[in-house]
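Colleague: There's a structure below that I have some questions on.
The values are calculated or read from the model by the stated rules, or taken from the named source; none is laboratory data. Since the model is a prediction, treat every value here as computed from it, not as a measurement. All Cβ positions, even for glycine, are placed from backbone atoms using ideal geometry, and neighbour counts span all protein chains on display. Accessible surface is based on the protein model in full, side chains and every heavy atom, while ligands, DNA and RNA are left aside. Shrake-Rupley method; radii C 1.70, N 1.55, O 1.52, S 1.80 Å.
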Amino acid sequence: MSLPRPRRPAPFPSPGSAPATAEVHARSGRSGFAMVGGGGGGGVGAGLLENANPLIYERSGERPVTAGEEDEQVPDSIDAREIFDLIRSINDPEHPLTLEELNVVEQVRVQVSDPESTVAVAFTPTIPHCSMATLIGLSIKVKLLRSLPQRFKMDVHITPGTHASEHAVNKQLADKERVAAALENTHLLEVVNQCLSARS
C-alpha cells in the first residue's frame, strides 16, 4: 500500500514584515499584468504570508554528464531535465526557498520537443489562492526567455486544477504583449530579477 502524497497545509497568517513583493502587488496593474488569486483576509498586500508553513521537499541530485554530452562533435539536444535544471533554483517570492524545494516545479511537469522547438512547463502554486502565481509563472517564463535559443516557443501554465484563478493566470502568461509590458515595469522587473538571482 503506497502512502498518499503529503498535502500542503492551508494558509496560516502570521505577523511579520511584508515580503519584497508587496509594492509590486500594489503597482503591477499599471503594466496590465495583474497579480491574480489573492483576496480575503491577509495576503501580501496586508503584510502577512499567505502560506506561512509550506511543506519543503528534498532537492534532486545533480544530473550526471554523459560521454555523449561531453563530445563537442555530437549535437546536444535540449531535454526536460535541462529545462528543469534552469528553473529549479528560481527563488520563491515569499519564502527563502526555491521552487523545487516547494515542489512548485517538478521535472515530470516539463515537456520538451527539441525538433519542434517547444517547451511546456506546468507549475503548482503552494496554495489554491496564491496571489504570487502570476509572478512565479512570469519568473519561469523570463528565465526560459533569457536561457533558450529564440527558436523555442514557450508555454508556462498552472498545473490544471491546482489554483482558483488558473484560467486568468494562464491567459496573462500566454499573452506576449502583456508579458512584454510587464517587463517594462521597473518595480515588477526588479522582483522578477530577485527571484532569478542566485542565493549567496
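Colleague: Scan region 84-106 and report the pairs whose first residue is within 14 Å of THR126 (Cβ to Cβ) and whose second residue is of a type in the set (Asp, Glu) and surrounded by fewer than 19 Cβ atoms within 10 Å (Cβ to Cβ), with Cβ atoms within less than 9 Å and a gap of 6+ or a chain change.
Modeller: Qualifying pairs under 9 Å: GLU100/GLU106; GLU101/GLU58.
Colleague: Out of (1) of a type in the set (A, V, I, L, M); (2) open to solvent by less than 30 Å² (accessible area, probe 1.4 Å); (3) within 15 Å of the chain's Cα centre (by Cα), what's the single condition that is false for LEU86?
Modeller: Of (1) of a type in the set (A, V, I, L, M); (2) open to solvent by less than 30 Å² (accessible area, probe 1.4 Å); (3) within 15 Å of the chain's Cα centre (by Cα), only one is false for LEU86: (2).
Colleague: Still on this model: Of all residues being farther than 20 Å from PRO128 by Cα and among the β-branched types (Val, Ile, Thr) in region 141-200, which is farthest from the chain's Cα centre (by Cα)? Just the residue, please.
Modeller: Selected residue: THR186.
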